[in-house]
Number of protein chains: 2
Amino acid sequence: MRDVAIVGVGLSRWGEVWDASLRTLWTEAALAALDDAGLDRVDSITVGSMTPGLFVGQEHLGALLADELGMAGVPATRVESACASGGVALKVGFAEVAAGLADIVLVTGVEKMTDVSGDECTAALAAAADAELEVFYGATFPGLYAMMARAHMARWGTTREQLAMVAVKNHRHGALNPHAQYRQEITVKDVIEAAKVAEPLTILDCSPITDGAAALVLAEIGVARKLAKGRPIVRVAGVGQATDRIALQSRADLTTLPATTLAAQRAFKMADKGPADVHLAEVHDCFTIAEIVVVEALGLCKPGEGGCQASSGRTALGGELPVNPSGGLKSKGHPVGATGVAQAVEITTQLRGAAGKRQVKGARVGLTQNMGGTGASTVVHILEVAS
Amino acid sequence: MRDVAIVGVGLSRWGEVWDASLRTLWTEAALAALDDAGLDRVDSITVGSMTPGLFVGQEHLGALLADELGMAGVPATRVESACASGGVALKVGFAEVAAGLADIVLVTGVEKMTDVSGDECTAALAAAADAELEVFYGATFPGLYAMMARAHMARWGTTREQLAMVAVKNHRHGALNPHAQYRQEITVKDVIEAAKVAEPLTILDCSPITDGAAALVLAEIGVARKLAKGRPIVRVAGVGQATDRIALQSRADLTTLPATTLAAQRAFKMADKGPADVHLAEVHDCFTIAEIVVVEALGLCKPGEGGCQASSGRTALGGELPVNPSGGLKSKGHPVGATGVAQAVEITTQLRGAAGKRQVKGARVGLTQNMGGTGASTVVHILEVAS
């Protein structure tokens, strides 16, 4: 298997971007990544997007976006795994370079979520759940994650304040990120007293609806060394993907995420590393409870101790193991198909030492964890500074 | 790059399958392919599907279907490239095995199209065209392909009867295929006098709306040899993918398909073969004009001579180069996300010498061509009997 590195990163504007369409946002991110890499051609393109059909009535994004970029002719593949679409787009691009089918791949993710009403948006996102076993009965994602939160509180004594501290930490990080959708700091009181969405979760426990795109340029490592321009080479050391029962009701335990554990084990094995080797992580905090369960599932703390990771300061910038230095989905925003790619953009920026005020000092190994639904699909990547 | 072979094939029921859902049809095909391979486990799953969000309100098919198959845990990736989704699912699975990320991959395609009204179905399929430059102005695929037909007739003198002969030939082939949706033979007169859809195309120039799924099992060639059970080993010798301008109006010429030509060149180069080496082909005859333009674009005949390929008998069973021995999309049916996988199922069956009444004698090299939209995305695979 050939070695693969990340040689370019880019983000579009993120937020409620009323004046740009899906294709415009995507092109902003793609051009930024190509500029960053110093390239004007690629061998292949992957596009992670959850449901452009339901959001903007457009499928066939591979061909559409290659054309929009002036690259008609280049092979282009859209991949989907609900909110893990971006992470899977990175894996599919990695496989093409690793196999030798391509030397340079533009890996992208995009979602345009604000062109529909709130109800339509909720319905589109619900397509990530089981239509027959969950959606038919009225389940939505805030409700499903609220059940996970209740179960975690009952089993491990996780508190309402600990949930809130995840949001407080991630907003503090996001306030340092010029790309974040919400750059204001918030307090535990703000979170607890905000409008309730699904008990115990309030609106400030939930990641927002976001328009945005993210892009990476992958290259075979020999090609990457020629393009480095003195910057550190960021290598994709480990790739792990896994699934789980899709309906929450089908799982043995609401307080664990087996697909995240399995994906992490696969990625760590491939990278010949373990949780103790990780200096920072970008994880899928679609709701505050998600970050708590995910850090446990990744092995970054013991089972049941997820709740105190943010409240103790361990996972804050300046702590032992910063989690979501970008602000995470909660503060940076969550254009669902773009999120997994944006996580790798942040880790690459950190490993290059170019993250400015939110820089994690001495970061040489980082992890991304991106999941779909209530964790039924998960992708984990381990990135490291190549020696 | 590791060598990859096809060790199992399977199809679900195809047609208007009122009594089965997407997941049921998919599972029928997946289990058939696993039975054929003699396996009960795989390392990874890919799912080609165009727009399950618009057809049945369900995304996240990777996790959903891995779970349905009792394989929760296994990595599963949905890919989409409009009607080329199945072909791209094969390419993505190929890359995983070729790279060494997996030894055995279940490659699948599925579409459940008859759970919506005719108008909703037309709208869902139109999501493969450019929403801003085509669909907004009322363009639908029969209309777009009708323009290609008119242009081909004007430029090359292709006749109405030659268009009809493609349908006549493919129905004759499909009548020999127990899996085909329409197994009755038709005449040139039937085609020309059928209900008009978009001048010059009638309903019998158009592939039908179909529910169905198809599956393949890919394996690293060493693994494949152990599973062969005395059957010929079918190797994936070449993989080519390409895109084109998505909107028909953006193209320089309505009578050619540059993405098909480019994809074929890439696949032939990888396989170290050319058009003259091909013994049979399954191509994307979504409309009769499509087969005519495609055989030209693949280099299987000279430009302008596509029209006389079916009418002369050259591409019929018993002719020099049988095209669509399965009956093609026209007679076998066209569950859009499944079609590219089903094409490889047919070629594999032919190369094994197991195609019964529609067997192409002495077939050792076959080609599949699967395209999305009006040809804006295309995937070509070259399959051969491994020595």
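What follows draws every value from the coordinates through simple rules; no lab data is involved. Not measured: the values here are computed from a predicted model. Heads up, the Cβs are rebuilt from the backbone with ideal geometry, glycines too, and the neighbour counts pull from every protein chain shown.
For this structure, a couple of remarks:
- Filtered by the rule that a residue be touching a strand residue (DSSP E or B) at 6+ places or on another chain (Cβ under 7 Å), among the β-branched types (Val, Ile, Thr) and within 14 Å of chain A (Cβ to nearest Cβ), region B:222-267 gives B:Val236, B:Val239, B:Thr243, B:Thr260.
- Taken residue by residue, region B:236-249 has at least one member that is among the acidic types (Asp, Glu) and buried (at least 23 other Cβ atoms within 10 Å of the Cβ).
- Scanning region A:72-112 for residues that are among the β-branched types (Val, Ile, Thr), surrounded by 24 or more Cβ atoms within 10 Å (Cβ to Cβ) and in contact (Cβ under 8 Å) with a residue 60 or more places away in the chain turns up A:Val88, A:Val97, A:Val105, A:Val107, A:Thr108, A:Val110.
- Residues of region B:250-265 satisfying the condition of being among the charged types (D, E, K, R) and crowded, with 19+ Cβ neighbours inside 10 Å: B:Arg251
- Whichever residue in region A:62-71 is in contact with a helix residue (DSSP H, G or I) (Cβ under 6 Å, 6 or more places away or on another chain) and surrounded by fewer than 24 Cβ atoms within 10 Å (Cβ to Cβ) and, among such residues, is farthest from the other protein chains (Cβ to nearest Cβ): A:Leu69
- Residue count, region B:199-220 (criterion: over 28 Å from B:Ala154 (Cβ atoms) and either in contact with a Lys or Arg (Cβ under 6 Å, 6 or more places away or on another chain) or among the basic types (Lys, Arg) (or both)): 2
- Among residues of region A:37-60 that are more than 9 Å from chain B (Cβ to nearest Cβ) and more than 11 Å from A:Val110 (Cβ to Cβ), those with a beta-carbon under 9 Å from a residue that is part of a loop (DSSP other than H, G, I, E, B) and basic (Lys, Arg) at least six positions away or on a different chain give the pairs A:Gly38/A:Lys229.
- Among the candidates A:Ala167, A:Ala219, A:Ala213, A:Ala195, residue that is farther than 30 Å from A:Leu34 by Cα, in contact with a strand residue (DSSP E or B) (Cβ under 7 Å, 6 or more places away or on another chain) and hydrophobic (A, V, I, L, M, F, W, C): A:Ala195
- Residue match in region B:365-385 (condition: part of a helix (DSSP H, G or I), away from chain A (no Cβ under 14 Å) and touching a residue at least 40 places away in the same chain (Cβ under 8 Å)): no
- Considering the conditions (1) more than 10 Å from every other protein chain (Cβ to nearest Cβ); (2) over 20 Å from A:Asp35 (Cα atoms); (3) not hydrophobic (A, V, I, L, M, F, W, C), A:Gly109 is excluded by exactly one of them, (2).
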